[in-house]
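Only the coordinates and a few stated rules stand behind these numbers; no lab work does. Only a predicted model underlies this, so the values are computations on that prediction, with no experimental measurement involved. As a convention, Cβ positions derive from the backbone with ideal geometry for all residues, glycine included, and neighbour counts pool all protein chains shown.
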Amino acid sequence: MKMKKLRYLRPVGLVAVGVFLGRGAHADTTLDFNSDASLCTPPQIENPNAPPGITNFGNYAAASSGGVTVSGGFGTPNIGLVWGGIPSPDTRWEYYNDGGAVWAGVQLQGSAIGTIHKLAFVPNSASAKATIKSFNFHGYYNDNERFTYNISVTSGTNVLFGPMNLTYLSDGTKNHPVNVNYTGTPGQTLKLRINRVASTLGAGEVEGDQYNNAIDDIVFAQTPATVFSAGPQVVSVTPADDTVGLPATPLPPYQASITNGATTLVASSIRLKLDGVLVSPPPTISSASGLTNVSYAGAATLLSSGDHIYTLTYADDLGAFYTNDVVFNTTYSTLPPAYASPPGSGSQRGFTWRSVVARIDTPPLDSTIARAVAQLAGTLIDPDTGTPYTNAVPDGTNADGSFNVDTVVNFDDEFISAGNFPGDQPFPGLDAGFNNYFSCEGLLFLDLSAGYYRLGVNSDDGFEFNALPPKGTPGSPIVLGLFDGSRGSSDTLFDFLVPTSGVYGFQLIYFESTANANCELFSVDIPTGNKILINDLSNANAIKSFRVVPPRILTISRSGGNVVLNWAYGNPPFQVQFKNKLTDAWANSGSPTSNRTATVPIQPGAGFFRVVGSP
C-alpha cells in the first residue's frame, strides 16, 4: 500500500546470501531484486501501491533477468512461483526498485501482527523437486523497531519445516538471514509461510511498523538439474488457496480448470478429496475451450471449525501423477446451551445502548477495545486530572445509564447513510455531528433457533461482539467478532453455531476515536450473501432482538424459618410462586414486588419456587 519514510532511506551495501551459505557454483535461482537499471526494465515491477502486488515474477527461471539471477548454468526451469498473503489483498508482496539510486527489495506490505506472507514453489512436472534454501530480512531503518516472525514450509495442511522463530532489531541492513534448505518430493508444491507475531520488547524498543520491512535474496533450486516437459496444470481453482472466513455449512463448492502441457490429462484419473476422503457424489468433469473443468457443488453438512483441504489428483498419458491442494478455513464458535433462556421467552423488542464520551478537548486516546472497556467502566484516567474521565453527555433513562432502543443498530454521528444500510440514526445520547473518543455498549437478547449463523458489524472505528453467560451461570464471555483498531466504515463477519434453540444474551462494545463514526449490526444469509439488520421490524427474516428475558433465580438460601431468593433479569413487578409437586399448579407466595429479592416462609415438605416478571 505504501512505503513509509522513503526519503529517509540511505544506500546500504548489498550482501549476497551466498557469502553466508557457501552457495558457490550451485545451480540456484536468486531473487535479488537487482538494482542495476540495465537489468531492470522497467525499474519497478508492476504497481507497488495497489493490489495484487507482484504476480508473475521469478517463474520458470532458466536464465538471468531483471531482479533474477541464475547461477550454475541451470536455474529452476520447472518451478513456478505464486505470491500471496493472508489476509489478501491487504497483505501482499511489493517489488520496489528505484534503478539503484537507493535500494531494491520486495516489501512485506501490510505485515501486521497475525498476518502471513506466503510464497509457493510449484513444479510443473511430476519429476521435478523444489528446494527452498534461504532469504534475508531487510528492516529499512535503524530506529529500534523489532520484528518477530515464525517461518515454516508447508504442503497442504502438513508442516514440513519449522515453525522457526526469528526476531531482530531493524538496522537498515539485509544481514538477517534465514536458512531453510528444505527439498520437497517430486512434483510437490512447497509453501513458504512468513507469519508475523508479537515481539518481546526490550528497553526503548517498539514493535516494527507493518510497512517498514522487506525480504531480499530469496534462493531456491530445482533437482534434478534436468529440464522436464510440463505436464497438465491447474490454471484456476475456487476456493482460492488459503481462503479464510468460509462458512462451515454448506460445504463450499469446488471448481478447477486444468490445461494440458506437453503431456495430456487423462480425465478418468481425476479424483477430488475433502480432508482425505473422496467427495460424494464425485465431481462433474466437462471440457470447454481446451480446458478440463472439475466441479463439485458441495453438500449440506457441517465442517469442524479450523483448516480444511480440497485435494485434486490426476494423471497424464505417460502415467505421471499430479496433486493440487487448496487449503481453506472455516472458523466459528459454539454457544453453550447453558447460555440460553427458553425459546420464545424474550419480551420487549429492541436492546439497551449506553454511550460514554470523553471531554471535547481530551488528548489523543488509544484506538483499542481496552480503552473502550475502561471508558465504559469509568476507570479510564484523564491525564490532565489524574482521575477517571466523567461522561460528557447525559445518561439514559435506565438505572445503568443506558437508553432503550426499539429498532436496529444503525448509527452514524453525522446522521448520514454510512455502511450497508440507509436510514442511519445518531448514537443514543449523542447529538448528530462529530463526536470524538467515545465508547458504547449495546446489550441484547437474540431469539435463535438451533443452527449455523453468520453475523457482521460494519464499524468506524472498532468493535467487539460477545456472547454472555446468564447471570448466575458459570462461564465467561465468548468473543465472536472483533476489530481492535482504527478503520473507515468496513465489515467484519463472524460465524457461530447454536446447538440448542433459545434466547441468548450478547454484548456489542463499540468505540470511536476521531473523524467519522458509524456502527451497524446485521446477519448474513449465507446462500445469497444478503445482509439484514438485526431486529429490523420491517423484515420477516430479521433475527429478533429483545431487551428483557425471564427472571433467573441466582441464589436460594435459608434464614431461620424463611427462604431468601435473589434473581436477575425480568421486568418488574415480580411475583414469587410456589408448588409442592411438579404436577401441581403454581400458587402466588407473597405480594408482587419491584425488588429482585424476596423472603418467603418455608412450607412443609418439598417445594419448588419460580419468579414471574411482567411482560
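Taking the Cα centre of the chain as origin, sum charge times position over the Cβ atoms of Lys and Arg (+1) and Asp and Glu (-1), and report the length of that vector in debye to the nearest 20.
Numbers: 33 positive and 47 negative charges, 350 e Å.
Charge dipole of the chain: 1680 debye, to the nearest 20.
Legend: distances between Cα atoms for LYS133/LYS191; LYS133/LYS273; LYS471/LYS581; LYS544/LYS581; pairs beyond 24 Å are LYS133/LYS273; LYS471/LYS581; LYS544/LYS581. Counting pairs of alpha carbon atoms under 8 Å apart in space and at least six apart in sequence, what relative contact order in percent does the chain give? Contact order relative to length: 10 percent.
Across the options GLY184, VAL153, ALA112, the greatest Cα extent toward the positive end of the charge dipole of segment 96-184 (unit charges at beta carbon of Lys, Arg, Asp, Glu) belongs to GLY184. Give the distance, in whole Å, between the Cα centre of segment 334-379 and the Cα centre of segment 406-452. Result: 12 Å between the Cα centres. A Stokes-Einstein calculation at 10 °C with viscosity 1.306 mPa s, built on the Kirkwood radius of segment 327-407 over Cα pairs, returns a diffusion coefficient of 98 µm²/s.
The calculated FRET efficiency for the pair ASN571 and SER65, based on their C-beta separation and a Förster distance of 56 Å, comes to about 0.15. For the chain, the mean residue ellipticity at 222 nm estimated from helices alone is -500 deg cm²/dmol, where every DSSP H run of n ≥ 4 contributes -39500 (n - 2.57) and the total is divided by all residues, rounded to the nearest 500.
Of the chymotrypsin sites (Phe, Trp or Tyr not before Pro) found in segment 407-439, those that fall in a DSSP loop while having at most 16 other beta-carbon atoms within 10 Å are PHE415, PHE434. Within the straight-line cut-off of under 13 Å between alpha carbons, the aspartates and glutamates reachable from LYS531 are ASP491, GLU520, sequence neighbours fewer than 8 places apart in one chain being disregarded. Binning the C-alpha pair distances of segment 552-612 at 5 Å intervals from 0 yields a P(r) profile of 4, 19, 30, 27, 16, 4, 0 %, listed from the shortest bin outward.
Relative to its Kirkwood radius, the Cα radius of gyration of the chain gives an Rg/Rh of 1.06. Here segment 468-581 is treated with +1 on each Lys and Arg Cβ and -1 on each Asp and Glu Cβ, and its dipole about the Cα centre works out to around 860 debye. Rounded to whole Å, the principal axis extents of the Cα atoms in segment 508-615 read 62, 37, 20, largest first.
Give me the number: length gained by fully extending THR390 to LEU554, i.e. 0.36 nm times residue separation minus the C-alpha to C-alpha distance, one decimal in nm. Don't jump to the answer; show the numbers that get you there.
Values: separation 164, 0.36 × 164 = 59.04 nm, distance 3.20 nm.
Gain on stretching THR390 to LEU554: 55.8 nm.
Assuming charge only on the beta carbon of Lys and Arg (+1) and of Asp and Glu (-1), the dipole of segment 233-330 about its Cα centre is about 220 debye to the nearest 20.
Residues whose amide H comes within less than 5 Å of that of TYR95, counting only those at least five positions distant or on another chain, are ILE54, GLN107 (H built at 1.01 Å from N in the peptide plane). Applied to segment 600-614, the Karplus parametrisation 6.51 cos²θ - 1.76 cosθ + 1.60 on θ = phi - 60° returns per-residue 3J(HN,Hα) values of 10, x, 6, 9, x, x, 5, x, 10, 10, 8, 10, 10, x, 8 Hz, with x for Gly and Pro.
Could you work out how much longer the chain between THR226 and THR183 gets when fully extended? Use 0.36 nm per residue separation minus the Cα distance between them, nm to one decimal.
Numbers: separation 43, 0.36 × 43 = 15.48 nm, distance 1.58 nm.
Fully extending the segment from THR226 to THR183 adds 13.9 nm.
Is any residue of segment 354-383 close enough, with backbone N under 11 Å, to a label point placed 7 angstrom from the Cα of GLN507 along the Cα-Cβ axis, and if so, which? Within reach of a label on GLN507, which here means backbone N under 11 Å from a point 7 Å along Cα→Cβ, segment 354-383 contributes 373-374, 376-377. Residue separation of ASN175 and ASN516 scaled by 0.36 nm, minus their Cα-Cα distance, works out to 118.5 nm of gained length.
Only one residue of GLY72, ILE543, SER459 has its Cα farthest out toward the positive end of the dipole of the chain, where Lys and Arg carry +1 and Asp and Glu -1 on Cβ, and that residue is ILE543. At a temperature of 10 °C and a viscosity of 1.306 mPa s, determine how fast segment 337-548 diffuses translationally according to Stokes-Einstein, using the Kirkwood radius over alpha-carbon pairs as Rh; express D in µm²/s, rounded to the nearest whole number. Taking Rh from Cα pairs, D becomes 91 µm²/s. Only one residue of VAL600, SER486, TYR569 has its Cα farthest out toward the positive end of the dipole of the chain, where Lys and Arg carry +1 and Asp and Glu -1 on Cβ, and that residue is VAL600.
Beyond 15 Å, the tail of the calculated P(r) for segment 233-330 holds 59 percent of the Cα pairs. For segment 517-557 and segment 484-503, write down the distance between their C-alpha centroids in whole Å. Spelled out, the Cα-based centre of one part sits 12 Å from the other.
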